[in-house]
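Worksheet: the structure to be examined is printed underneath.
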Amino acid sequence: MTSYRFPESLRETLRSALPADTSLHGEAPQAEHLYLPAIHAKALNPNNMLVQGIPGSGKSFWYAALQSAELRNLLGKAAGFPKQCIVTTGFSEQPPGAHFPGKSSLIKLLDDYDAWRIWQAVIFQQVMGELAPPEFSTLSGWADRIEWLSHHPEQLEQSLYECDQRLQLQGAMHLVLFDALDRSADDWHKMNALLRGLLQMILDFRPYRAIRLKVFVRPDQLEDAAVISFPDAAKVMAQKVTLEWLRRDLYGLLWQYLANAEHGGELFREGATECVPGITWQQVNEAWRVPEAMRSEESIQRQVFHAITGPWMGRDKRRGFPYTWLPNHLADSRSEVSPRSFLAALRKAAEDSPRPQQETALHFESIKRGVQEASRIRVQEIEQDYPWIRTLLAPLEGKSVPADMADIHEKWRDSGALEALQQGIDADAVRLPPLHIDEGPDGVLHDLVALGLMERLKDGRINLPDVYRVGYGLRRKGGVKPVKS
């Protein structure tokens, strides 16, 4: 244990190193920001073809990273990739061009074809490329390609078999990525059908050795029994891997950003070494890698973080400890923390004005301000995927939690929230509405709990975790002050 404290100038390093916008918009991440938690290495392994994660957990980050040969080489053996790997896209939120059918095309194709037939044509086109049979290559429309494959099953199977053999002989692999499948349809019925068909294709491609799919989904997309109602679906679900962020992984990611900061990176590395004598920093392809002890040992992480923040979230230990306080206040009701929220909170804390006689790089009051900003961003993110949530939570602004369910019912009744939501659904103006709205207030409560926005306490009252409570303007005695609308 050392008494080292980082200088005030580290606050500028935090400001400049941590991203203001963690969304990549389809662009590959920078190599120096590539941090691979163990569970994510398992998720990226090509043999694990179904990956689920909450919004902000890293699905689109890894989707973008896997398309970069440089980043795949950095991930290397840890993620199970061979040196030669071809990566293509079967669906994403990016404009499809001629590579795969977009949302409008998928919806039209569903009128005439099973979803697995559609995905079969997409995957065949991606994998075979210029080596597809000439009769197939000359077709320009997806319906024609589906028709051709359905009438030529032997050529389809033989072509894929030869492709798989060829890739194996070359020591290579072809990986087809599927991301942002919630953008593939506006209603649950069609999206469930598309996802069900894609899961069937995962099953069909398991016997191949060098052709692999990687399907990124949200947990709620797998909730409907219809999605997994096909023979041997259990085999697909058994290989599902969840993108989780343990507390030590969040701090490991923070060290990765700070160690590679253009301004102050050396200051952080030297300070961390003062805190933890004996650790060694190494560069791989010009990117500093976090020493193993700072990745995996929470007692060491705590020591380094408290050298930035001080040991307490107040004047003494009764208010908690920054190392545990911050992730605890950014967790949803399932105890899951988005790395976006974690980094956003620390960046905002670093932007906050220093207090008089402040002795640490970050003040505990600034960390609370950071939670407010992270909550505001988290609310924006969740509403991008579930726009209907605001209709239900906006009427609760100003209310204190935990609260009786009857009080929440009353707020929804007085505001007409459920009626407004139902009218929007009837007018096809609500994309992917709550699954259980037909069951009334208890049904939408079930959906909000499943998404991690609410939790039912043992005494029956309803609570909101701070990461949503603060952003939606609800109060809690002694808690972080809500964001003003």
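Computed from point charges on the beta carbon alone (+1 for Lys and Arg, -1 for Asp and Glu), the dipole magnitude for the range 183-264 about its Cα centre is near 360 Debye. For the chain, the per residue solvent-accessible surface stands at 45 Å², with DNA, RNA and ligands left out and a 1.4 Å probe.
So which GluC sites (Glu not before Pro) in the range 322-412 pass both tests, a DSSP loop state and at most 10 other Cβ atoms within 10 Å of the Cβ? Could the numbers behind the result be given before it?
Details: sites: Glu336, Glu351, Glu359, Glu365, Glu373, Glu381, Glu383, Glu397, Glu410; in loops: Glu336, Glu359, Glu397.
Counting only loop positions with at most 10 other Cβ atoms within 10 Å, the GluC sites (Glu not before Pro) in the range 322-412 are Glu359.
Shape annotation for the chain: C-alpha extents along the principal axes are 77, 60, 34 Å, from largest to smallest.
Taking N as the number of residues in the range 81-127, what is its alpha-carbon radius of gyration divided by 2.2 N^0.38 Å?
Values: Rg = 12.3 Å, N = 47, 2.2 N^0.38 = 9.5 Å.
This ratio for the range 81-127 stands at 1.29.
Given +1 on the Cβ of Lys and Arg, -1 on the Cβ of Asp and Glu, and no further charges, what dipole in debye does the chain carry about its Cα centre, rounded to the nearest 20? Display every interim value, and only then the final one.
Numbers: 56 positive and 63 negative charges, 381 e Å.
For this selection, approximately 1820 debye.
Quick check: convex hull of the Cα atoms in the range 365-416, volume per residue, rounded to a whole Å³? Before the final figure, lay out the partial values.
On the way: hull volume 4.5 nm³, N = 52.
Normalising the Cα hull of the range 365-416 by residue number yields 86 Å³.
Students often forget the sequence filter, so: which lysines lie under 25 Å Cα-Cα from Lys317 once same-chain residues fewer than 8 apart are removed? Within the straight-line cut-off, Lys317 pairs with Lys348, Lys368, Lys477, Lys481. If R0 equals 41 Å, the separation of the Cβ atoms of Asp187 and Glu365 corresponds to a calculated FRET efficiency of about 0.35. For the range 280-400, the Cα-based Rg and Dmax, in that order, read 17.0, 53 Å.
Find the Rg to Rh ratio for the range 382-485, where Rh is the Kirkwood radius over alpha-carbon pairs and Rg uses the same atoms. Don't jump to the answer; show the numbers that get you there.
Details: Rg = 13.2 Å, Rh = 13.9 Å.
Reported Rg/Rh, Kirkwood definition of Rh: 0.95.
Where does the Debye-calculated log10 I(q)/I(0) of the range 1-77 sit at q = 0.18, 0.21, 0.23, 0.25 Å⁻¹, using only Cα point scatterers of equal weight, no solvent? Debye intensities relative to I(0), on a log10 scale: -0.83, -1.00, -1.12, -1.26. Converting phi to 3J(HN,Hα) with the Karplus coefficients 6.51, -1.76 and 1.60 and the offset θ = phi - 60°, the range 418-424 yields 5, 5, 5, 5, 5, 4, x Hz in sequence order, with x at every glycine or proline. The trypsin sites (Lys or Arg not before Pro) of the range 322-370 meeting both criteria, a DSSP state outside H, G, I, E and B (loop) and at most 15 other C-beta atoms within 10 angstrom of the site's C-beta, are Arg334. DSSP bridge analysis restricted to the chain gives an antiparallel fraction near 25%, rounded to the nearest 5.
Assuming R0 = 56 Å, what is the FRET efficiency of Ser3 and Lys484, from their Cβ-Cβ distance, to the nearest 0.05? Provide the component values of the computation, followed by the final result.
On the way: r = 39 Å, r/R0 = 0.70.
For R0 = 56 Å, the calculated efficiency reads 0.90.
For the range 241-316, what does the relative contact order come out to in percent, with C-alpha contacts under 8 Å and a separation of six or more? Here the relative contact order equals 31 percent. Rg and Dmax over the alpha-carbon atoms of the range 71-158 stand at 15.0, 43 Å.
Once you sort the root eigenvalues of the Cα gyration tensor of the range 128-177 as a ≥ b ≥ c, which label holds: rounded (a/c under 1.5), prolate (a/b larger than b/c) or oblate (the other case)? Prolate shape, in that a/c is at least 1.5 and a/b is the bigger ratio. Between Leu213 and Val176, the built amide H atoms are under 5 Å apart, and every one of these is 5 or more places off in sequence or on another chain. Sorting the Cα pairs of the range 171-245 by distance into bins of 10 Å, from 0 upward, gives 17, 52, 27, 4, 0 percent per bin.
Partner lysines whose Cα lies under 18 Å from the Cα of Lys235, excluding those fewer than 8 positions away in the same chain, are identified as Lys42, Lys214. Calculate for the chain the 222 nm mean residue ellipticity that helices alone would give, adding -39,500 (n - 2.57) per DSSP H run of length 4 or more and normalising by residue count, nearest 500 deg cm²/dmol. The helix contribution divided over the chain gives -14000 deg cm²/dmol. When the P(r) of the range 205-313 is calculated, the portion above 18 Å amounts to 63% of the C-alpha pairs.
Charge dipole of the range 216-351 (Cα centre as origin; +1 on each Lys and Arg Cβ, -1 on each Asp and Glu Cβ, all else neutral): 440 debye, rounded to the nearest 20. With a threshold of 29 Å on the Cα-Cα distance, the over-threshold entries among Lys83/Lys103; Lys103/Lys240; Lys77/Lys190; Lys103/Lys484; Lys190/Lys240 are Lys83/Lys103; Lys77/Lys190; Lys103/Lys484.
Please report the carbon-and-sulfur percent of the accessible area for the chain; probe 1.4 Å, protein heavy atoms only, DNA, RNA and ligands left out. All intermediate terms of the calculation are to be shown ahead of the outcome.
Working: 10300 of 21970 Å².
The C+S portion of the solvent-accessible surface of the chain is 47 percent.
Listed values for the range 438-449 are Karplus-derived 3J(HN,Hα) couplings in whole Hz (6.51 cos²θ - 1.76 cosθ + 1.60, θ = phi - 60°), namely 5, 8, x, x, 5, x, 6, 4, 4, 5, 5, 5, and x replaces Gly and Pro. Overall shape of the range 140-266 was characterised from the C-alpha gyration tensor. The equivalent ellipsoid obtained from it has semi-axes of 35, 23, 15 Å, in decreasing order. Ordered by 1.4 Å accessible area with all protein chains kept, His409, His40 run largest first as His409, His40. The ratio of the alpha-carbon radius of gyration of the range 18-118 to the globular-protein estimate 2.2 N^0.38 Å is 1.22.
The values are calculated or read from the model by the stated rules, or taken from the named source; none is laboratory data. A quick note: this is a predicted structure, and the numbers were derived from the prediction, not measured. Note that we place each Cβ from the backbone using ideal geometry, even for glycine, and neighbour counts take in every protein chain shown. Surface areas here come from the heavy atoms of the whole protein model, side chains and all, with no ligands, DNA or RNA. Shrake-Rupley method; radii C 1.70, N 1.55, O 1.52, S 1.80 Å.
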